[in-house]
1. Run Arg48 past the list (1) among the charged types (D, E, K, R); (2) closer than 19 Å to Gly153 by Cβ; (3) out of contact with any helix residue (DSSP H, G or I) (no Cβ under 7 Å at 6 or more places or on another chain) and report the number of the one that doesn't hold.
2. Among the residues of the range 111-123, is any over 15 Å from the mean Cα position of the chain (by Cα) and modelled with pLDDT of 95 or more?
3. Residue check: is Asn158 closer than 29 Å to Gly274 by Cβ and within 12 Å of the chain's Cα centre (by Cα)?
4. Does the range 109-134 hold any residues that are surrounded by 24 or more Cβ atoms within 10 Å (Cβ to Cβ), of a type in the set (A, V, I, L, M) and touching a Lys or Arg at 6+ places or on another chain (Cβ under 7 Å), and which are they?
5. Pick from the range 248-279 the residues that are assigned to a loop (DSSP other than H, G, I, E, B) and either among the basic types (Lys, Arg) or farther than 28 Å from Gly216 by Cα (or both): which of them is farthest from the ligand (Cβ to nearest atom)?
6. Is at least one residue of the range 237-247 more than 16 Å from the ligand (Cβ to nearest atom) and among the charged types (D, E, K, R)?
7. Is there a residue being more than 11 Å from the ligand (Cβ to nearest atom), surrounded by fewer than 24 Cβ atoms within 10 Å (Cβ to Cβ), more than 19 Å from Glu172 (Cβ to Cβ) and β-branched (Val, Ile, Thr) anywhere in the range 196-219?
8. I'd like to know if the range 88-95 contains one or more residues that are over 20 Å from the mean Cα position of the chain (by Cα) and either basic (Lys, Arg) or part of a loop (DSSP other than H, G, I, E, B) (or both).
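The values are calculated or read from the model by the stated rules, or taken from the named source; none is laboratory data. Just so it is clear, the model here is predicted, and its values are computed rather than measured. Every residue, glycine among them, receives a Cβ derived from its backbone with ideal geometry; neighbour counts consider all protein chains shown.
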Amino acid sequence: VNKTYRFDTMADLVALAEAEDISLGEVALRHEVALGQLDRDEVLAAMRTRWATMKQSMEVGLAAPQKTMGGLSHGAGQMMAGHRPVLSDAIAAGVMARALAVNECSAAMRRIVAAPTAGSSGILPASLWGAQQRLGCEDEAVVMALLAAAALGMVMANRATISGAQGGCMAEVGVSAAMAAGAMAEMAGAPPDVAVHAMALALKNTLGLVCDPIGGYVEVPCIKRNAIFAIHATTAAEMALAGIRSFVPADQVIAAMKEIGDAMPKKLKETSQGGLATTLIGLEVMARRPRVDHVQG
Ligand code: SF4
């Protein structure tokens, strides 16, 4: 085995894990250690800090409505948390509430963990919270799942993009959902190849998702999209655990994402010049905005 634990593709990642009978999270951990900056305990401590920050952002967003920059969302997380689920269950509703809560925090410039970006920051913490509730596992299992998510995200970032300005929302929310799906599958005991199928199933079904934030604020559609795609991630993980495989191998899905992102018109890549941003209501919001000098991703 390559002792740098270096991986460029999902196939490499799975091969490394299978060669030593270790998890994707363990490959990511060994890779970080092999880089020589941190030892094993320091990497784990850094990830524990990320999980603590994620938990804090879920709590902050649920505790009170956040004052977002554009004022286009207010208390959606709280509203969802106070709702008695009718068509799903309490944990699924809790996942939705937490994804909304974290993204309201992000839009209010509160502290969040970009995973992989601020606009998609609700999906991973909310999904892992849900998996932890269902599986009854300790925080240490979540920390390893975060490492698995990081490994999956790194391949997608290197082989394609995690920027809405480059690849549309599939590169942000799509990648985040794919990271969460693979991480949740691994948390639930799936072997590495199955976790990667979960990742591929999640990403594949976000292909073509454009980035068209209203008024240039990362609020509409971003905040509610996080809740919807957290559940999408859970669906992908559950399907993989059921034995359903992505017909298209993960690395080919990533290549397709890159191709589609490159072909996507600029007006649908974080410029707020098309799609939802130029609907009548979107243009009204834009007209109210004093001056758009920066669009965040
Ligand atoms: S629509 Fe654009 S700004 Fe909003 S989450 Fe998606 S990529 Fe980010």
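1. Status for Arg48: all satisfied but (3).
2. So in the range 111-123, the residues over 15 Å from the mean Cα position of the chain (by Cα) come out as 111.
Right, trim to modelled with pLDDT of 95 or more and you get 111.
Yes, the conditions are met somewhere in the range 111-123.
3. Working: closer than 29 Å to Gly274 by Cβ: yes; within 12 Å of the chain's Cα centre (by Cα): no.
Answer is no for this residue.
4. Ala126
5. Our first condition is that a residue be assigned to a loop (DSSP other than H, G, I, E, B); within the range 248-279, this holds for 248-249, 264-265, 270-274, 279.
Among the residues that remain, those that are also either among the basic types (Lys, Arg) or farther than 28 Å from Gly216 by Cα (or both) are: 248-249.
On the way: Val248: 23, Pro249: 25 Å.
Only one residue fits best here, namely Pro249.
6. Of all residues in the range 237-247, those more than 16 Å from the ligand (Cβ to nearest atom) come to 237-247.
Filter again for among the charged types (D, E, K, R), leaving 238, 245.
Scanning the range 237-247, I find at least one residue that is more than 16 Å from the ligand (Cβ to nearest atom) and among the charged types (D, E, K, R), so the answer is yes.
7. No, the conditions are met nowhere in the range 196-219.
8. Quick first cut of the range 88-95, residues over 20 Å from the mean Cα position of the chain (by Cα) only: 88-90.
Pick out the ones that are also either basic (Lys, Arg) or part of a loop (DSSP other than H, G, I, E, B) (or both) and you get 88-89.
Looking through the range 88-95, at least one residue is over 20 Å from the mean Cα position of the chain (by Cα) and either basic (Lys, Arg) or part of a loop (DSSP other than H, G, I, E, B) (or both).
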